[in-house]
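Bear in mind that the values in this text are calculations on the coordinates, not laboratory data. Worth saying up front: this structure is predicted, and the values here are computed from it rather than measured. Backbone-built Cβ (ideal geometry, glycine too); neighbour counts: all protein chains shown.
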Amino acid sequence: MALDITDRDPIGSDKATSPPLLGTPEEALAAADRVVTDIVQGSAERERTGAVLIPQLHVAAEAGLLGIAVPAEHGGPGLPASTVVEVLRRLSRADGAVGQLLLSHFVITQAIAGLGTQVPAPRIYAEVLAGAQLGNATAERGTKHALDRRTTVTQQGDQWLLNGTKYYATGALGAAWIAVAAVIERRDGDTATVFVRPDQPGVTLDLDKWSAFGQRGTASGEVRLENVVVDAELVIDEAPRRTRSPVRRAFSVRSIRRCTPRSTSGSPGPHSKTAPNSSAPGRGRGRRHSTPESSAPMRNRTSCAGSVS
C-alpha cells in the first residue's frame, strides 16, 4: 500500500500557521522538550506497525524547530550546530525515525548557507522559516562513490530537465523541497544540486519501497524523476571539480560530513539504520545501512561555520 504523504498544509495556505522564531539555544531546547513530550507517546507502536510519521513531523515544524539553523542574514536565528545536534538527540530519544528524517533537513539547511544571498537560498530559507521541511535525494545504487551520479540535469533554454532514480531518500517524507544530487549533462562530470517539489509533474515518491531492520518510519524509499522541468534558479551549479568555489565546498561530501552529528565511540548512534543481512537470512544478524547522512566517520562539533570556507 502506498504511503499517504499528502497530509500537509502547503506553505502560504490559509491553514498554515507561522511557527515561532526560536531565537536562543534555550528556547530551541525548551521547544524540543515540548515536542518530545508529544511524540514519545506511541513511538514503539509506530515502529512496530511502520506508521507514517507526518503528524510527528508537523509537531516539530509547528514548534519552530525547523528554522533554528537558518542564518541571521535570511531572518533566522542562526543557532550553532551544537544546538541543532542537541535538538536532534532529544527528538531521536523520543522517536529515532523522527530524528533521522530531520537530519537531512538540517544538513541541507547548513549547506545552502554557502550560497550567501544567491538564489535559491533566500526563497528556500523563507519557506523553512514558515515551516517547510527539506528532504534528501542523493544516493544511487550501483555507483562507485557519492559523486558518481547517474541522475542528470540538462539545460534546455531557460529551464532544465531532471532525470534519474534515487534510493534511501531519507527526509523526502513530509518535505516541501527535495534536494536532488545530479550530474550536469554534457559538462564533463560537473555536478549540481537541484531543488524540486515532491508533487510537481515527473516526481514520483515510492517511499514504501523500503525494508529495514529498524527506524522503518523513515520511509527511505525511492524517488523517480522523469523529465522534471526545473527553473534555472533552483539548479545549484557546484562548479567544475577542478575548482574550489564556495558553492562546490558548500555541497561537497566533506562539508556534509563535517556538519553531521555522530558519536565518536564508533558505535551506531540514533541516526544509524540497520537492514537485514542478506547473506545470512534468519540468523538475527544485521549490517549498518549506509545513507548519505551516515556513511562516513564524523566527530561531534560545536560549529559548522568552517564547512564552507
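A few points about this structure:
- By the beta-carbon count within 10 Å of each Cβ, the least crowded to most crowded order of Phe106, Phe195, fewest first, is Phe195, Phe106.
- Cβ-to-Cβ counts within 10 Å put Leu102, Leu173 in ascending order as Leu173, Leu102, the fewest first.
- Proxy reagent accessibility, fewest Cβ within 10 Å first, across Val180, Val98, Val203, Val230: Val203, Val230, Val98, Val180
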